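Down below is the structure, laid out as structure tokens.
The values are calculated or read from the model by the stated rules, or taken from the named source; none is laboratory data. The shown structure was predicted, so the numbers you read here are calculated from the model rather than taken from an experiment. Here Cβ is always computed from backbone atoms with ideal geometry, including for glycine, and neighbour counts include all displayed protein chains.
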Amino acid sequence: MDTAHRPSEQGSPHRGAQPPPQPRQGGRREQPQQARGRGSELLARVAIAIPLAVLAVGFDDVGGTAWAVLMILIGLACVTELYRMLERWRPVVPIGCAAVIGMCLAARYGNHREVLEAALIAVPVLFLAVALRGQRGGATISIAGTLLGIYWIGFAFSHSILLRQLPDGGGILIDVMLGTFLGDTGAYLGGRLFGHRLLAPAISPHKTVEGLVCGMLVAIVAVYVAGLYQPWLTPSNALGLGLMVAVLAPIGDLFESLIKRDAGTKDAGRLFGAHGGALDRLDAISFTVVAAYYIWVALPHT
């Protein structure tokens with residue numbers, strides 16, 4: 001939790017002491033820098049979230065190949081950011097990108113079995129690529145770093161395609177995105193307003209337990225309320241999806257924070273300027289969308 005700025009202590013009056021700072025013209029005092037920073041950061045989050053939400057909802061409504069192409073493009077942006085962070089591990093970027101594309105195409109024209117097959121094929125292909133480039137040391141780390149991108153990013157975006165192709169899957173995608181992003185905003189505001197106890201200071205020093213609880217409650221309520229306007233989604237199923245989002249979204253957020261801390265970087269990329277890259281904005285949903293697919297397949301629904 002951010003601490004408030006403390007004013008500097010004033011010593012006893014003496015010759016040469018500086019007069020106290022005067023208000024600005026018009027009698028208005030400057031707002032504390034921290035308060036201005038919080039407000040501007042929140043506005044920046046909203047300014048980024050709104051156009052992204054409109055883009056996602058529009059493509060989700062169209063579905064089909066358009067949605068698959070969007071997922072491939074965003075997936076490539078995310079995996080490229082990850083490999084840039086892990087550059088010292090020497091990941092095989094072409095293989096990782098090709099695997100993400102292959103998994104997304106397998107999802108579009110097949111099912112989850114074909115997605116798994118595409119992910120497994122990447123392992124021997126990756127071995128051959130590392131072997132042929134004659135890498136003398138660190139081959140294991142190179143393979144591991146590449147597979148991290150394939151399995152983390154590839155499974156997330158291929159499963160978003162699989163979920164969209166299920167009956168009412170487009171609506172479930174909207175619910176999951178709504179719960180994930182509103183939950184993240186709720187956690188941010190809850191941490192700012194009520195945060196005292198740090199959640200995981202070794203991973204993300206600004207996240208608090210209070211923020212986590214607020215975010216989880218917002219996620220559950222958001223998905224549940226959305227379900228009230230979807231006659232095909234029962235209240236119990238909406239509650240189950242909301243609970244899943246509430247649990248997995250913070251884990252996805254912390255997962256990326258751990259990788260960034262290990263890589264020694266603050267943001268995964270600069271796609272959104274000072275507010276990070278695509279992976280920074282989609283770390284939580286990369287976990288929730290995969291679980292949503294299997295939950296929606298398993299849940300009884302009409």
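Annotations
- Some residue of the range 63-84 being more than 21 Å from ARG281 (Cβ to Cβ) and at pLDDT below 90: yes
- In the set (1) in the same structural domain as LEU282 (by TED's automatic domain parsing); (2) out of contact with any His (no Cβ under 7 Å at 6 or more places or on another chain), SER158 fails one condition alone, (1).
- Where TYR109 falls short, out of the listed (1) in the same structural domain as PHE157 (by TED's automatic domain parsing); (2) under 25 Å from MET177 (Cα atoms); (3) modelled with pLDDT under 95; (4) loosely packed, with under 14 Cβ neighbours inside 10 Å: (3)
- Scanning the range 169-220 for residues that are within 15 Å of VAL247 (Cβ to Cβ) and acidic (Asp, Glu) yields a single hit, ASP184.
- If you go through the range 167-198 and pick out every residue that is more than 30 Å from VAL62 (Cα to Cα) and surrounded by fewer than 20 Cβ atoms within 10 Å (Cβ to Cβ), you end up with 7.
- Flag for MET103 being in the same structural domain as ILE161 (by TED's automatic domain parsing), under 30 Å from LEU132 (Cα atoms), crowded, with 16+ Cβ neighbours inside 10 Å and modelled with pLDDT of 85 or more: yes
- Just one of the listed residues (LEU147, LEU126) is over 18 Å from MET71 (Cα atoms), over 23 Å from the mean Cα position of the chain (by Cα) and part of a helix (DSSP H, G or I), namely LEU126.
- Helices (runs of 4 or more DSSP H) contained in the range 228-302 and holding at least 1 residues of a type outside the set (Ser, Thr, Tyr), touching a residue at least 40 places away in the same chain (Cβ under 8 Å) and out of contact with any helix residue (DSSP H, G or I) (no Cβ under 9 Å at 6 or more places or on another chain): 235-263
- Here is the figure for the range 165-204: residues that are in contact (Cβ under 8 Å) with a residue 60 or more places away in the chain and among the aliphatic types (A, V, I, L, M) total 9.
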